[in-house]
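The values are calculated or read from the model by the stated rules, or taken from the named source; none is laboratory data. Predicted model only: the values in this text are computed from it and were never measured. Cβ sites come from the backbone with ideal geometry, for glycine too, and all protein chains shown count toward neighbours. With ligands, DNA and RNA removed, areas are computed over all heavy atoms of the protein, side chains included. Shrake-Rupley method; radii C 1.70, N 1.55, O 1.52, S 1.80 Å.
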Amino acid sequence: MTRFIIKKLLVMALTVFLISFAVFFIITLPPGDFLTNYIGRMLAAGERVNQEEIDALRASYALDQPFFVQFWRWFSNIVLHGDFGYSFSLSMPVTAVIRAYIVPTMALSIVTMLFTYLISIPVGIYSAVHQYSFGDYAFTTVCFLGQAVPNFLMAILLMFLAFRLTGDTMLGLFSPKFQNAPWSWDRVVDLLKHCIIPVLVIGLNNTCGLIRTMRSQMLDELNKNYVMTGRAKGMKASAIRYKYCVRAAVNPIVSSIGWSLVNIFTGTTITAIVLNLPSMGTVMYNALINQDMYLAGSWLFLMAIATVIGTFISDILLAWLDPRARKEYLNG
């Protein structure tokens with residue numbers, strides 16, 4: 001297992017470097033640069049622009065250097081110094097922007113992932129074990145609706161329902177009276193209430209897809225010969241089901257953690273705009289509009305790292321659950 005983890009870590013390091021190169025290449029593709037855009041906004045606002053300051057900024061961020069020099073400076077500053085650059089659209093370091101918004105974004109994403117997997121796996125098992133029952137048909141109907149309705153429409157419908165039931169649209173993560181209040185039990189309760197709609201909106205589509213995957217995998221395992229052999233030897237159906245079938249059926253669910261994490265991050269963008277959430281989704285949207293390359297690139301870079309880490313976790317869990325996967329990777 002140690003050899004497996006070391007090999008995965010080396011592949012992760014190479015993958016992160018290649019992805020960072022691709023991210024920097026993409027964000028520098030549009031004509032001009034963030035400094036040109038920044039100067040244009042200053043001129044439009046009637047402010048004077050000092051050419052010496054412009055040249056100093058251009059030299060400071062290596063914009064007068066070749067592409068590879070710019071990339072290496074950006075990448076090495078992140079890796080060696082934790083410096084993600086400067087956000088000209090927000091007039092503050094990118095690190096400060098990430099620090100301000102990453103906590104609510106990560107908290108919302110982690111809660112959504114817990115919701116997704118804690119719901120999808122048990123429901124998928126139930127639907128497979130009780131195939132063609134009323135519960136199976138009910139969950140199937142909910143899954144089809146959950147995957148068919150767009151996130152932004154689901155958010156609007158839930159906001160309308162919340163307003164009709166409570167008189168509050170549940171915008172943001174806090175009610176106005178708790179927005180800047182000190183932490184207390186009432187503020188925690190208010191936060192939890194406001195998390196219900198975002199978690200449902202962001203996690204519903206992915207949850208419904210994983211339920212269908214778990215159901216189909218579980219049905220496939222229940223019809224295999226080893227189940228019949230175990231029943232013939234007198235083993236209890238529940239023991240076979242939960243000791244062997246679930247462990248084999250959950251493999252595709254475990255392997256999906258990496259891309260599920262990214263789907264949640266990207267799903268927060270639309271949901272954050274509709275629900276007015278203080279997350280990195282809206283910040284990323286504005287960064288792309290304003291061609292704020294360091295802010296946009298840093299967020300894409302962090303999403304790529306999240307994908308790699310999620311995939312690494314998936315591989316470790318998959319190797320632990322199924323030794324065949326570990327053996328195949330080491331021999332490959």
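Which of the trypsin sites (Lys or Arg not before Pro) found in the stretch 46-83 are loop residues per DSSP with 12 or fewer other Cβ atoms within 10 Å of their Cβ?
Arg48
With no solvent and one point on each alpha carbon, what is the Debye value of log10 I(q)/I(0) for the stretch 92-238 at q = 0.11, 0.22 Å⁻¹?
-0.60, -1.34
When only Cα pairs under 8 Å and 6 or more residues apart are kept, what is the percent relative contact order across the chain?
26 percent
Name the residue from Leu277, Gly146, Met42 whose Cα lies farthest towards the positive end of the charge dipole of the chain, charges +1 on Cβ of Lys and Arg and -1 on Cβ of Asp and Glu.
Gly146
So with the 1.4 Å probe, I'd like the accessible area per residue for the chain, rounded to whole Å².
55 Å²
Hey, what did the stretch 66-154 get for relative contact order, percent, Cα under 8 Å, at least 6 apart?
The value is 10 percent.
Taking H as built 1.01 Å from N, whose amide H comes closer than 5 Å to the amide H of Ser87, not counting residues under 5 places away?
Under 5 Å from the amide H of Ser87: Met92, Val94.
Would you mind giving the three semi-axes, in whole Å and largest first, of the ellipsoid equivalent to the stretch 102-178 according to its Cα gyration tensor?
30, 18, 11
Angle check, please: helix 67-76 long axis (alpha carbons) against the longest principal axis of the chain (alpha carbons), in degrees 0 to 90, nearest 10.
Once rounded, the angle reads 60 degrees.
Taking only Cα atoms of the chain, what ratio of Rg to Rh do you get with Rh as the Kirkwood inverse-distance radius?
1.06
With everything on Cα atoms, drop me the angle between helix 151-166 and the longest principal axis of the chain, reported from 0 to 90° to the nearest 10.
80 degrees
Show me the chymotrypsin sites (Phe, Trp or Tyr not before Pro) within the stretch 91-160 that DSSP assigns to loop and that have at most 11 other Cβ atoms within 10 Å of their Cβ.
Tyr132
So, with a 1.4 angstrom probe, what is the percent of accessible area on the chain that is carbon and sulfur?
67 percent
So how strong a dipole does the chain carry about its Cα centre when Lys and Arg Cβ are +1 and Asp and Glu Cβ are -1, to the nearest 20 debye?
Charge dipole of the chain: 1720 debye, to the nearest 20.
By how many degrees, between 0 and 90 and to the nearest 10, does the Cα long axis of helix 185-222 differ from the longest principal axis of the chain?
Here the helix axis deviates by roughly 50 degrees.
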